[in-house]
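First comes the structure, then the notes that go with it.
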Amino acid sequence: QYSDTSGIEELMTAEPLGWANIKNLLTKSNCPKGPKGCFLVNTIRDFNILPAKAKTHVTEKLAYTKSLILKNLKAEEIPTAKAQVLADMIMTFHQGIALKTNLGGPCEYKNEIEQFLKMIQEAWATYT
């Protein structure tokens with residue numbers, strides 16, 4: 001139920017697709033109005049002891065989130081192989097920020113998020 005109400009799909013499918021949606025994923029999903037952190041990300045820590053059904057759910061939701069990131073990167077005309085690498089970096093960063101929200105107040109990491117996005121966008125622009 002939690003992952004169905006996380007709002008990530010809505011954030012990542014807004015038109016036009018692209019960097020703005022990725023920024024919204026990182027900022028809005030890590031700036032909750034309710035409890036801090038991300039239940040799905042917090043669950044990853046205990047992945048090895050989860051029941052098989054829960055492991056499948058976590059794996060599927062993470063893969064779906066990554067697929068949404070990839071769609072947004074492809075909308076920016078980033079080739080698939082390079083988009084895969086960027087998507088992995090964005091997923092890792094997203095999960096790290098989600099864990100860090102457990103330490104501080106919501107929205108505390110907005111500057112880190114903006115700097116990360118600026119860095120990967122600039123790196124992508126010079127890499128192509």
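The values are calculated or read from the model by the stated rules, or taken from the named source; none is laboratory data. Since this is a predicted model, take the numbers as computed values, not measurements. Positions of Cβ are generated from backbone atoms using ideal geometry, with glycine treated the same way; all protein chains shown enter the neighbour counts. With ligands, DNA and RNA removed, areas are computed over all heavy atoms of the protein, side chains included. Shrake-Rupley method; radii C 1.70, N 1.55, O 1.52, S 1.80 Å.
Just the residues that are within 14 Å of the chain's Cα centre (by Cα) and without any contact (Cβ under 8 Å) to a residue 40 or more places away in the chain, please, taken from the stretch 65-82.
Lys66, Ser67, Leu70
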- prompt: Would the stretch 66-83 turn up any residue that is modelled with pLDDT under 90 and among the hydrophobic types (A, V, I, L, M, F, W, C)?
  reply: no
message: Out of Asp46, Asp4, I need the residue that is at pLDDT below 85, open to solvent by 70 Å² or more (accessible area, probe 1.4 Å) and either touching a His at 6+ places or on another chain (Cβ under 9 Å) or closer than 17 Å to Ala63 by Cβ (or both). Which one?
response: Asp4
Only one of Thr59, Thr126, Thr43 that is over 17 Å from the mean Cα position of the chain (by Cα) and assigned to a helix (DSSP H, G or I): Thr126
message: Based on this model, can you work out whether Glu76 counts as open to solvent by 70 Å² or more (accessible area, probe 1.4 Å), closer than 15 Å to Ile120 by Cα and not small (Gly, Ala, Ser)?
response: yes
- request: Identify all residues within the stretch 62-95 that are at negative phi and part of a loop (DSSP other than H, G, I, E, B); write none if there are none.
  value: Glu76, Ile78, Pro79
- line: Per the filter on the stretch 101-120, residues surrounded by 15 or more Cβ atoms within 10 Å (Cβ to Cβ), free of Cβ contacts under 8 Å to residues at least 24 places away in the same chain and not in a loop (DSSP other than H, G, I, E, B) are Glu112
